[in-house]
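The values are calculated or read from the model by the stated rules, or taken from the named source; none is laboratory data. Note that the coordinates shown come from a computational prediction; the quantities given were computed from them, not determined experimentally. In this analysis, Cβ positions are derived from the backbone assuming ideal geometry, glycine residues included, and neighbour counts consider all displayed protein chains. Heavy atoms of the whole protein, side chains included, go into the accessibility calculation; ligands, DNA and RNA do not. Shrake-Rupley method; radii C 1.70, N 1.55, O 1.52, S 1.80 Å.
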Amino acid sequence: MDIVYSVALLGLAVVIFIAFLLNDRASDRPGWTSEGMASELSTVAITGLIAFGLCFGVRFFASANGPVMGLKEVALLAATLTAYYLIYRKLAPRRRIAEYADKRAQGRAISELSSVNIVSVASPADNSGQSSKPGLSRAA
């Protein structure tokens with residue numbers, strides 16, 4: 001049964017990592033989350049789950065009688081792996097991270113357009129194609 005606990009804890013660590021990763025990359029994250037709080041929670045939770053999962057795995061493989069799995073353990077292990085695979089597919093981290101990157105790029109492009117220096121765009125250009133200096137007057 002230790003191998004089932006190990007896989008369950010390690011899978012939960014991966015799911016929590018993906019959830020915090022998606023929350024960190026989202027441009028519209030909830031107001032109650034802050035960067036410090038999210039990083040502290042994720043660090044403690046993921047590290048603890050990985051440690052306990054590895055301990056259960058080592059305990060399973062280092063048992064005195066050798067690793068023996070019954071039909072119940074094999075079925076639970078398969079069900080656990082299937083459940084985590086379905087959760088991973090439902091979260092779709094690659095697609096969502098790409099969407100967040102596109103939104104962030106569009107936001108940067110809009111902010112760059114809105115921060116164009118109006119004086120340099122509106123100043124008259126001379127024949128060489130360079131804009132004239134706004135402080136100097138042109139001779140007629």
Most to least packed among 9-16, 67-74, 90-97 [average Cβ atoms within 10 Å]: 9-16, 90-97, 67-74
Not counting ligands, DNA or RNA, and with a 1.4 Å probe, what is residue 81's accessible surface area in Å² rounded to the nearest 10? 100 Å²
